[in-house]
Amino acid sequence: MIRSIRFAALAATALVSLGTAGAAYAEDAPVAADAPVAEESWLSLSGNVTLVSDYRWRGVSLSNEDAAIQGGISATTTPGFFLSMWGSSIANYGGATTEVDIYGGWSKTFGAVTPTVGIYGYLYPGGTGVDFYELYGSLGFGLGPVAFTTGINYAPNQNNIGGGHNTYLYIAPSFAIPGVPITIKGNLGYEDGDIVRALGTGDSSKVDYMIGADFKYKMLTFGMQWVGNNRSSNGGILGDTFLVSLGASF
């Protein structure tokens, strides 16, 4: 069963102050000193670590409904190019008990719109015949406290996902409540292809959904979500569930 996440990549921006100094003569001295010039750092690093009560990917548990420890690091440049690595503990999958995602691409905000394109590699150290990759693209839109992202992930024909291809379409809205550090969020996705079969759904397509909230305090984020899919009647790792998480970003 394919076990991964998208995870979504996190980035922060650092500012560096540059100043100039030199000799000044009375006849050409300025009335007021020039303000220091602030220049954006070309490269920014960020990271995160999270404990989650159940690792869900597109509505399906990849930790066999057990808790998982997760973490990642991202490098982002001012032109918009980025490279990230993310990992999670998982239930045994092809001999692997750890998932490592390496993904990169380009993302840049233009006004209220943020396009993103890239490639996602899903690696399972110690596993046999389970690694695979996806191409992805998305558009993010923001207006004040309201935002949403819509995108597509496409896995070309690969032996490790059953020999065929897979397509995942989604929309993810969010609303940051003004005046309080709480964000309401959701996700609605449709998936069709060999990954759906490998997840044990008994079908070649599925719909997944999530609604939740994040509570932020400084570097900490407490989250809670209701997650499920339209194959949840099969129970087990496919059943709807309520999960909680506690993470820290740096």
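The values are calculated or read from the model by the stated rules, or taken from the named source; none is laboratory data. Everything quoted here is computed from the prediction, not taken from an experiment. Virtual Cβ from ideal backbone geometry, glycine too; neighbours counted across all protein chains shown.
Taking the condition within 23 Å of W226 (Cα to Cα) and under 22 Å from the mean Cα position of the chain (by Cα), does P181 pass? So P181 passes the test.
Quick grid of which residues meet (1) closer than 28 Å to L220 by Cβ; (2) surrounded by fewer than 19 Cβ atoms within 10 Å (Cβ to Cβ); (3) charged (D, E, K, R); (4) in contact with a Lys or Arg (Cβ under 8 Å, 6 or more places away or on another chain):
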residue	(1), (2), (3), (4)
L51	yes, yes, no, no
V60	yes, no, no, no
N92	no, yes, no, no
T128	no, yes, no, no
G142	yes, yes, no, no
T149	yes, yes, no, no
N153	no, no, no, yes
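In summary, S74 fulfils each of the numbered conditions (1) touching a Phe, Trp or Tyr at 6+ places or on another chain (Cβ under 8 Å); (2) within 23 Å of R231 (Cβ to Cβ) with the single exception of condition (2).
Here P125 fulfils each of the conditions (1) farther than 20 Å from L199 by Cβ; (2) not in a loop (DSSP other than H, G, I, E, B) apart from (2). Can you confirm whether A96 is surrounded by 17 or more Cβ atoms within 10 Å (Cβ to Cβ), at pLDDT 95 or above, over 21 Å from the mean Cα position of the chain (by Cα) and under 24 Å from G235 (Cα atoms)? Against the criterion (surrounded by 17 or more Cβ atoms within 10 Å (Cβ to Cβ), at pLDDT 95 or above, over 21 Å from the mean Cα position of the chain (by Cα) and under 24 Å from G235 (Cα atoms)), A96 qualifies. Just for segment 62-90: of the residues that are assigned to a loop (DSSP other than H, G, I, E, B) and of a type in the set (S, T, N, Q), which one is surrounded by the most Cβ atoms within 10 Å (Cβ to Cβ)? Only one residue fits best here, namely S63. Taken over segment 214-239, the criterion of being within 20 Å of A68 (Cα to Cα) and either among the β-branched types (V, I, T) or surrounded by 16 or more Cβ atoms within 10 Å (Cβ to Cβ) (or both) is satisfied by D214, T221, G223, Q225, V227, G228, I237, L238, G239. The set of residues from segment 163-173 being surrounded by 18 or more Cβ atoms within 10 Å (Cβ to Cβ) and either touching a helix residue (DSSP H, G or I) at 6+ places or on another chain (Cβ under 7 Å) or of a type outside the set (A, V, I, L, M) (or both) comprises N166, Y168, Y170. Checked against (1) over 18 Å from L199 (Cα atoms); (2) outside any strand (DSSP E or B), W106 passes all but a single condition, namely (2).
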